[in-house]
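Chemist: Here's a structure for you.
The values are calculated or read from the model by the stated rules, or taken from the named source; none is laboratory data. Please read these numbers as outputs of a predicted model, since none were measured by experiment. Here the Cβ positions follow ideal geometry from the backbone for every residue, glycine too, while neighbour counts run over all protein chains shown.
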Amino acid sequence: MWQAIRENPRAVMYAVVMHLTLLALLIFSLDWTPKVSHPLGINVPIKAQLVDQRQLDAREQKRQAEQRQAEEARRQAELAEQHKVEAQRKAEQEAKQKAEQVAKQKVEAERKRKAELEAKKKAELEAKQKAEQAAKQKAEAEHKRKAELAAKRKAEAERKRKAELEAKRKAEAEAESKRRDEQALQSQLAAEQERMEAGRVQGIVDQYIAYIQDRIQRSWLRPQGSAEGLSCVVQVSLIPGGDVARVQIVRGSGDPVFDRSVETAVYKASPLPLPPDAALFKHFRTLRLIFKPT
């Protein structure tokens, strides 16, 4: 409240004046003549007092004049408040425009400073590039001279080296030819030995696969109602010693009962027979067998 009074003292003054005027009008309009009543309840004749019409008109004119003054004071207060608001708005707008102008000038000055700095950097860069280009051309010329001299020396050394190399190449060619002939002979012997060993190993593998298939066949029990001529492909994973680690039907017979009987037969036949040479176990780690009961 006090803040409003401090900010708008003139409007508050006009409001106080208007209220005082209205209070005065109210006081003058009341009848302050005391009314006396007879204590015994006897009616006392009322003494009529004539009021001059001119006095009434003068009082009414005074009241209207005071009312007009109060209205004028209120209007003046409102007008003063409007003027104050308009002045404040105008001041704020001018301050804003001034701030924008200052900001614009600052931006323009910064742009100019950056442009000058960019131009300076560009000039320095061009001067640096020119100096580097001159130094580069000088270095290239020196490099070319040294390269030509080195090329001459290299050509002479190359001619001498080629002559020595040719002589060495002929000697090495003769030695290489002899070495290749010996290596070819050794390769033929090794291939023959490998072929013979592979045949021997394959023979052992085929032999033991036949043993394994026979062991599974003997462990298999034909399911009741199973059709004749069924077959499946079973994959068997072994661990050293011949024990069965895993059995999987990779191509079924079409009869799930038949396929499960084959899996059961493989587990039942475990451990499967393996050759005594442990080096051959790699051929039996994973077997894919065709089970076709006879």
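Chemist: Condition test on Glu142, is it farther than 30 Å from Leu23 by Cα and modelled with pLDDT of 90 or more? Spell out the reasoning first.
Modeler: On the way: farther than 30 Å from Leu23 by Cα: yes; modelled with pLDDT of 90 or more: yes.
Against the criterion (farther than 30 Å from Leu23 by Cα and modelled with pLDDT of 90 or more), Glu142 qualifies.
Chemist: Right, another one. Return a yes/no flag: does region 191-214 have any residue that is basic (Lys, Arg), farther than 30 Å from Glu263 by Cα and exposed (fewer than 11 other Cβ atoms within 10 Å of the Cβ). Lay out the reasoning, then the answer.
Modeler: First, the residues of region 191-214 that are basic (Lys, Arg): 195, 200.
Retained after the next criterion (residues that are farther than 30 Å from Glu263 by Cα): 195, 200.
Narrowing the set further to residues that are exposed (fewer than 11 other Cβ atoms within 10 Å of the Cβ) leaves 195, 200.
Yes, the conditions are met somewhere in region 191-214.
Chemist: In this structure, does Glu176 turn out to be surrounded by 12 or more Cβ atoms within 10 Å (Cβ to Cβ), outside the structural domain of Lys268 (by TED's automatic domain parsing), free of Cβ contacts under 8 Å to residues at least 60 places away in the same chain and in a helix (DSSP H, G or I)? Write out each step before concluding.
Modeler: On the way: surrounded by 12 or more Cβ atoms within 10 Å (Cβ to Cβ): yes; outside the structural domain of Lys268 (by TED's automatic domain parsing): yes; free of Cβ contacts under 8 Å to residues at least 60 places away in the same chain: yes; in a helix (DSSP H, G or I): yes.
Spelling it out, Glu176 is indeed surrounded by 12 or more Cβ atoms within 10 Å (Cβ to Cβ), outside the structural domain of Lys268 (by TED's automatic domain parsing), free of Cβ contacts under 8 Å to residues at least 60 places away in the same chain and in a helix (DSSP H, G or I).
Chemist: Let me ask something else about it. Among the listed residues Lys292, Lys282, identify the single one that is under 55 Å from the mean Cα position of the chain (by Cα), modelled with pLDDT under 95 and under 27 Å from Gly203 (Cβ atoms).
Modeler: Numbers: Lys292 fails: under 55 Å from the mean Cα position of the chain (by Cα).
Going through Lys292, Lys282 in turn, the sole match is Lys282.
Listed here are the residues, each with its yes/no results for (1) surrounded by 10 or more Cβ atoms within 10 Å (Cβ to Cβ); (2) among the basic types (Lys, Arg); (3) out of contact with any helix residue (DSSP H, G or I) (no Cβ under 6 Å at 6 or more places or on another chain); (4) assigned to a helix (DSSP H, G or I).
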| site | (1), (2), (3), (4) |
| --- | --- |
| Ala80 | yes, no, no, yes |
| Ala87 | yes, no, yes, yes |
| Glu92 | yes, no, yes, yes |
| Val107 | yes, no, yes, yes |
| Lys112 | yes, yes, yes, yes |
| Leu117 | yes, no, yes, yes |
